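The values are calculated or read from the model by the stated rules, or taken from the named source; none is laboratory data. Source: prediction; values computed, not measured. No Cβ is skipped: glycine too gets one built from the backbone with ideal geometry, and neighbour counts run over all protein chains shown. Each accessible area value is taken on the protein alone, full model and side chains, heavy atoms only, with ligands, DNA and RNA left out. Shrake-Rupley method; radii C 1.70, N 1.55, O 1.52, S 1.80 Å.
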Amino acid sequence: MSSQNNQQQPSLIGGHAEYIKGAAEATIGSVTGSQAWTSSGEQAKSHAVDTMKAAGEQRDPSQGFGKVEQKLGQATGCEGMVKEGEASKKPE
């Protein structure tokens with residue numbers, strides 16, 4: 001039963017993977033002119049953002065990667081990673 005509960009918990013890694021998949025689908029749709037691919041990609045990205053937000057709300061700030069996560073978030077444009085990194089930074 002616990003494995004079933006784990007599958008229903010939002011995951012940061014799963015959310016990021018879904019976002020990348022959605023971005024790839026949307027790009028394919030844009031390049032090929034396929035509205036179905038573009039729409040599917042945008043829906044996947046939107047769902048992924050919701051998943052990442054939910055996972056971030058449940059995350060213990062002491063479990064983050066601190067400044068590394070913050071910088072990676074800045075480099076990739078992921079606001080959630082920036083916030084999570086700031087929250088989990090160790091005092092210098």
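Yes or no: E57 open to solvent by 90 Å² or more (accessible area, probe 1.4 Å), in a helix (DSSP H, G or I) and of a type outside the set (S, T, Y)?
Taking the combined requirement at face value, the residue satisfies it.
In the range 23-40, how many are in contact with a Lys or Arg (Cβ under 9 Å, 6 or more places away or on another chain) and farther than 20 Å from G80 by Cα?
The number of residues fulfilling the criteria is 2.
Of all residues in the range 33-83, count the ones that are farther than 19 Å from E18 by Cα and either touching a residue at least 40 places away in the same chain (Cβ under 8 Å) or among the hydroxyl-bearing types (S, T, Y) (or both).
Residues flagged as farther than 19 Å from E18 by Cα and either touching a residue at least 40 places away in the same chain (Cβ under 8 Å) or among the hydroxyl-bearing types (S, T, Y) (or both) within the range 33-83 amount to 2.
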